[in-house]
Protein chains: 2
Amino acid sequence: MSDELLVEVTRNGTVESRHFGAAVVCDFEGRVVESWGNIERLVFPRSALKPMLAIHLIESGASDHYSLSDAELSLACSSHQGELIHQELVESWLSRLGLTEDHLACGPVLPEDTERAHQLLASGQQGCRIHHNCSGKHTGFLTTALHLNLPLDNYHLLEHPLQQLSMDILSDLAGVDLKQYPMGIDGCGLPAPTMPLIQLGRAMARFAKPVGLSATRAQAIYRLHQAITNEPLYIAGHGTVVTELNDVTKGAVLAKTGAEGILTAALPARGLGIALKIADGSARARSVALLAILDRLDVLSDEDKHKLESHISPTIVNSRGLIVGEIRPAASWL
Amino acid sequence: MSDELLVEVTRNGTVESRHFGAAVVCDFEGRVVESWGNIERLVFPRSALKPMLAIHLIESGASDHYSLSDAELSLACSSHQGELIHQELVESWLSRLGLTEDHLACGPVLPEDTERAHQLLASGQQGCRIHHNCSGKHTGFLTTALHLNLPLDNYHLLEHPLQQLSMDILSDLAGVDLKQYPMGIDGCGLPAPTMPLIQLGRAMARFAKPVGLSATRAQAIYRLHQAITNEPLYIAGHGTVVTELNDVTKGAVLAKTGAEGILTAALPARGLGIALKIADGSARARSVALLAILDRLDVLSDEDKHKLESHISPTIVNSRGLIVGEIRPAASWL
């Protein structure tokens, strides 16, 4: 099966660019509710795994031991934009652990938030490891490593007990042993597993409604729902589709991005998981596709849609400030 | 006909993302030498038109009147990166015309060259109109407008005589009246015409070997070949595939990018034109696809390929400086 045309970019009403991909909606028992394109193809879920990768913090007792706040747990699940609020929270969390930026395995980068990046440059600074969108996840791993008395060195390598534990947790949620699939290395240095898109959808449905998992794991997942719902700014940042979806729907849609065109969502009340991959890795198309699916599932109220308008129907604005085009879901699949 | 899988992005050997598109090689008599994907589909060639749009400078006599240098003519054909060399040449050219940045219709932006953009921010500056990748083209239009005593105001609108002249020149090269196709507005405010990809390939072939055009037009095109070949840094910038292809092949391949995944090339000695569109608008895939086509056409020597290695097989490097993947042409179409 080939990829499906999901999103079109127009200029003055004429289609200029096309984004293909695949998407799946699964229920918590693993059934496919609806799908488009080839959902059996392997994908790298990348950062979409982060909410699931944060389970160790709670299961291990590290979260209770270090009294992690909702904001810190949300940050552990995040691809944050490197805004000042994110930077300051990673800094204070590391400090409470008696650690510094140098313990993070992710490399130094400028914040993804353009305004913050420009502020730093204008004040003669550069990006650092804390600005990496994964620094919350890394601080989470360091927290559990400290609590379990595991080595802090090389915590990012697949051989480290924490990464072995992570693969077990992910396999449990996906309902398939991930060791059978190819593995890569992520932008931040951590292992980057692959799985068929359908398994990512199933994992998100299980994360939405943790039926069939151990009681401890289910409780950990409910705790993460609560943290993300209470502190949506810390899982992404101002103006992002993830933060605004989580915020506007009051936790009814827990969305999470992954690099290279991945976007997922857990719908706790509906017991549904959604996973989609834009084949070309584009970020601009994935949110338009997800919002079209959410609308199809009748998840969004009219008020929600009004608030999310800039993500549902983004416009293309040229250097003169003129609206010259738009990004829209293709009519063919809806 | 659907789009063809042209380029794959891998992570540790597993395909992570896929870029679809269409490409065509035409000869100077308009015949299709080879093609992939749907070449009848309308595309916005965007900045790929700039070398053809610079013809007015020479035909009108403006180039001779203002003694434009090879570097200035190359800059008129450019999507430059906003490096200091580009900025200074636009500034001195405008100054020679008695004009300023305020006469440019393109809006203010930061340079595409990251190093230069960061330099500006670190010194408390912002991007300006001269940093827009189209500022050379705009300065070219102002030059001809002055020489022909046309209004400088609103030179960017379709109704202006210069834009009407431009549509005539483009229609002449494409061998089809562009007025029959939809039109949009470009990032810099100029009209953005559309045409089937095959016509863009034919136009590039005609630009490569201007047979069947008026002697004046043919001479203008040869003059532009010479200028671009002598000053390849001014048509794009350091490290770009366009500058390096033009430089390494000593003008045997005159390549030009357009926004949203467009890349074209004129091969003067072979009388061939190439046009390709990455359907999703991606910039990272287009150069890999073009270099694969050039290799297939036996245009590149082993030495050329060695020098162009970073464009032929780009690597994906993560934040820790580790090579974690690559961008490669899909095997299926070559």
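The values are calculated or read from the model by the stated rules, or taken from the named source; none is laboratory data. Here the structure is a predicted model, which means the values were calculated and not measured. Virtual Cβ from ideal backbone geometry, glycine too; neighbours counted across all protein chains shown. Please note that ligands, DNA and RNA were not included when accessible areas were found on the heavy atoms of the full protein model with its side chains. Shrake-Rupley method; radii C 1.70, N 1.55, O 1.52, S 1.80 Å.
Among the listed pairs A:LYS277/A:LYS305; B:LYS137/B:LYS307; A:LYS250/B:LYS277; A:LYS50/A:LYS307; B:LYS137/B:LYS179; A:LYS137/B:LYS305, give every one whose C-alpha distance is greater than 32 Å.
Numbers: A:LYS277/A:LYS305 23 Å; B:LYS137/B:LYS307 29 Å; A:LYS250/B:LYS277 41 Å; A:LYS50/A:LYS307 26 Å; B:LYS137/B:LYS179 22 Å; A:LYS137/B:LYS305 41 Å.
A:LYS250/B:LYS277; A:LYS137/B:LYS305, as the Cα separations exceed 32 Å there.
B:LYS250 sits among other residues whose Cβ lies under 13 Å from its own Cβ, and their net charge, with Lys and Arg +1 and Asp and Glu -1, is -4. For chain A, a crude dipole built from +1 on the beta carbon of Lys and Arg and -1 on the beta carbon of Asp and Glu, taken about the Cα centre, is about 440 debye to the nearest 20.
Ranked from shortest, the separations from the 7 Å Cα-to-Cβ label point of A:LEU42 to its equivalents in the other copies are 4.1 nm. When Rg and the Kirkwood Rh are both derived from Cα coordinates, the Rg/Rh ratio for segment B:4-74 amounts to 1.19. Seen through its C-alpha gyration tensor, with square-root eigenvalues sorted a ≥ b ≥ c, segment B:188-243 comes out oblate because a/c lies at 1.5 or above while a/b is not bigger than b/c. Rounded to the nearest Hz, the phi-derived 3J(HN,Hα) couplings of segment A:308-325 under the Karplus curve 6.51 cos²θ - 1.76 cosθ + 1.60 (θ = phi - 60°) are 9, 3, 5, 8, 6, 9, x, 9, 9, 10, 8, 5, 8, x, 8, 6, 10, x, where x marks glycine and proline. When a 1.4 Å probe is rolled over the protein heavy atoms, the share of accessible surface on chain A that falls to carbon and sulfur comes to 48 percent.
Across the identical copies, the label point of B:THR10 (7 Å from Cα in the Cβ direction) is separated from its matches by 3.9 nm, in order from shortest. Under 5 Å from the amide H of B:ALA192 lie the amide H atoms of B:GLY184, B:ILE185, B:ASP186, each residue being 5 or more positions distant or on a separate chain, with H modelled from the backbone and absent for Pro and chain starts.
Quickly estimate the mean residue ellipticity at 222 nm for chain B, helices only: each DSSP H run with n ≥ 4 gives -39500 (n - 2.57), and the total goes over all residues, rounded to 500.
-11000 deg cm²/dmol, from helical runs alone.
Remark: relative contact order (segment B:233-334) = 18 percent; criterion is Cα-Cα distance under 8 angstrom and separation of 6 or more residues.
Taking every full run of DSSP H in chain A, the ones that stretch at least 15 Å from end to end by Cα along their long axis and average 0.5 or higher on the Kyte-Doolittle scale are A:197-208, A:283-296.
Its residues counted as N, segment B:174-267 yields a C-alpha radius of gyration over 2.2 N^0.38 Å of 1.15. The order of B:GLU326, A:GLU112 by accessible area, most exposed first and with a 1.4 Å probe, is A:GLU112, B:GLU326.
For a test of the definition: using alpha carbon positions, the gyration tensor, and the 1.5 limit on a/c, classify segment A:227-320 as rounded, prolate or oblate.
It is rounded, given that a/c, with a ≥ b ≥ c, falls under 1.5.
Rounded if a/c is under 1.5, else prolate if a/b beats b/c, else oblate: with a ≥ b ≥ c from the C-alpha gyration tensor eigenvalues square-rooted, which is chain A? In terms of gyration-tensor shape, oblate. Comparing mean-square fluctuations of A:ALA259, A:ALA269, A:ALA227 from a GNM of chain A with C-alpha springs under 10 Å, the top value falls on A:ALA269. Among the cysteines of chain B, B:CYS26, B:CYS77, B:CYS128 have no other cysteine beta carbon within less than 4.7 Å of their own. Packing here is the average count of other Cβ atoms within 10 Å per residue, and on that basis the peptides A:38-50, B:200-212, highest first, run B:200-212, A:38-50.
Structural descriptor for chain A: relative contact order 25 percent, calculated from alpha carbon pairs under 8 angstrom and at least 6 residues apart. Net charge in the neighbourhood of B:ILE262 (other residues with Cβ under 10 Å of its Cβ; Lys, Arg +1, Asp, Glu -1) is +2. Buried surface for the B/A pair, taken as the accessible area of each chain alone minus that of the pair with a 1.4 Å probe, is close to 3500 Å² in total. Accessible surface computed residue by residue for chain A, with neighbouring protein chains in place and a 1.4 Å probe, gives 36 Å² per residue. Within the assembled protein chains, the solvent-accessible surface assigned to B:TRP36 is about 20 Å², based on a 1.4 Å probe.
Panel note: contact residues of segment A:265-287 (accessible area lowered by at least 10 Å² against the chain on its own; 1.4 Å probe) correspond to A:LYS277, A:ALA279, A:ASP280, A:ARG284.
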